[in-house]
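The values are calculated or read from the model by the stated rules, or taken from the named source; none is laboratory data. Note that the structure is predicted; figures quoted are calculated from it, not measured. Backbone-built Cβ (ideal geometry, glycine too); neighbour counts: all protein chains shown.
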Amino acid sequence: MQKVGIIGGSGLYLLKDLKNSRKIELDTPFGKTSAPVLTGALNDVEIGFIPRHGEGHTLLPSEIPFRANIWALKKLGFDRVISVSLVGSMQPEVRLGVPVIIDQFIDRTFQRNNTFFGDGVVGHVSMAQPVCPAVREALIEAAQRAGIEVRKQGTYLCIEGPQFSTRAESLMYRDVGVDVIGMTNMPEAKLAREARIHYATIALPTDYDCWHEAEEAVTVQQVMRVASEGLDKVVRILKELFRAPDFGACGCREWTTGMVMTDPQKIPEDVRKRLDFILEEAK
């Protein structure tokens, strides 16, 4: 049975269809996960779900335990992870409610622990292609089979939050050429790469941030209004994917080969135990 992790919001009602579901609480070396990991079967796929903002949406973007979430999914054997995120559209052609299958990121966060390394072990990974091309392609093909329009690529700018952008910031980001803006996919994607997880993102545009003079500036009420309808499309894409998941070959493993620079004899024992799944696979 294939295993796929999902990190997203509680609005993903496909979780109601899981069979033999149960919640798993893990105390990770990086603290508790956002919430217990909900696992269960959908068709012939085992799903592992974490609501990144916690049950009841109690965590600010900067408070999300990104390292704990990724560590837990990896430890439970979920080597493929799909992120579902609500975002703002930064371009007129990126229409509200039309999912975007992200292929690039720009990280503007500054308060978050963004690596598993440190404390006596040094590692570097390539982020030139920050998502798994095979999982991306599988999502695009699933959308086509489900008859749902998606944008097949897009650049996601991740800001610290929790405040939305000023208009000056929004206009500056547009000039850079980003497609969507959000607060949650970094350092999630970086940590997934270090953990050798095949990671991909479905981003759902719910607003035009505050750059669009003909549209109202983003509010929580507007986000939730558009999200309610748009998440139905995301759920249909995921259900179609899980009917017959077919993930082709990719180069993700090559991007982490030789990533650990530290002499194995110099790595402290407590760090070795904490990062055993990274160190063993990096050999």
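Observations, loosely collected:
- Of the residues making up segment 170-196, those that are touching a Ser or Thr at 6+ places or on another chain (Cβ under 8 Å), more than 30 Å from V260 (Cα to Cα) and not hydrophobic (A, V, I, L, M, F, W, C) are Y173, G177, D179, G182.
Quick grid of which residues meet (1) closer than 18 Å to T184 by Cβ; (2) surrounded by 15 or more Cβ atoms within 10 Å (Cβ to Cβ); (3) in contact (Cβ under 8 Å) with a residue 24 or more places away in the chain; (4) touching a strand residue (DSSP E or B) at 6+ places or on another chain (Cβ under 7 Å):
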| site | (1), (2), (3), (4) |
| --- | --- |
| S89 | yes, yes, yes, yes |
| P99 | yes, yes, yes, yes |
| Q111 | yes, no, yes, no |
| F116 | no, yes, yes, no |
| V121 | no, yes, yes, yes |
| A146 | no, yes, yes, no |
| L157 | yes, yes, yes, yes |
| F164 | yes, yes, yes, no |
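- Of the set (1) at pLDDT below 95; (2) in a strand (DSSP E or B); (3) buried (at least 17 other Cβ atoms within 10 Å of the Cβ), all apply to L14 but (2).
- Where a residue in segment 35-46 is surrounded by 19 or more Cβ atoms within 10 Å (Cβ to Cβ) and among the polar types (S, T, N, Q) and its partner, wherever it lies, is outside any strand (DSSP E or B) and at pLDDT 95 or above, with Cβ under 8 Å and at least six apart: T39/L76
- The number of residues in segment 47-87 being in contact with a Ser or Thr (Cβ under 7 Å, 6 or more places away or on another chain), under 21 Å from R136 (Cβ atoms) and not aliphatic (A, V, I, L, M) comes to 5.
- Considering residues of segment 225-261 that are over 19 Å from the mean Cα position of the chain (by Cα) and among the β-branched types (V, I, T) only, the residue modelled with the highest pLDDT: V260
- Residue in segment 262-280 that is surrounded by 16 or more Cβ atoms within 10 Å (Cβ to Cβ), assigned to a helix (DSSP H, G or I) and modelled with pLDDT of 95 or more present: no
- Given (1) under 18 Å from the mean Cα position of the chain (by Cα); (2) farther than 21 Å from T206 by Cβ, number of the condition L18 does not satisfy: (1)
- Meets criteria (among the hydrophobic types (A, V, I, L, M, F, W, C) and within 17 Å of F116 (Cα to Cα)) for I70: yes
- Unique match (being small (G, A, S), surrounded by fewer than 21 Cβ atoms within 10 Å (Cβ to Cβ) and touching a residue at least 60 places away in the same chain (Cβ under 8 Å)) among A192, A227, A200: A227
- Lone qualifier among L42, L59 - being among the aliphatic types (A, V, I, L, M) and at pLDDT below 95: L42
- Restricting the first member to segment 167-188 and to residues that are free of Cβ contacts under 8 Å to residues at least 24 places away in the same chain and surrounded by fewer than 22 Cβ atoms within 10 Å (Cβ to Cβ), and the second to residues that are aliphatic (A, V, I, L, M) and not in a loop (DSSP other than H, G, I, E, B), the beta-carbon pairs closer than 9 Å and six or more apart or on different chains are E169/I159.
- Looking only at segment 5-50, residues that are more than 18 Å from E188 (Cα to Cα), polar (S, T, N, Q) and in contact with a Phe, Trp or Tyr (Cβ under 8 Å, 6 or more places away or on another chain) come to 2 in all.
- Qualifying positions in segment 188-224 - among the small types (G, A, S) and modelled with pLDDT of 90 or more: A189, A192, A195, A200, A203
- In segment 55-77, the residues that are in contact (Cβ under 8 Å) with a residue 60 or more places away in the chain and within 21 Å of F277 (Cβ to Cβ) reach residues that are among the small types (G, A, S) and in a helix (DSSP H, G or I) with C-beta atoms within less than 8 angstrom, at least six apart or across chains, in these pairs: I70/A192.
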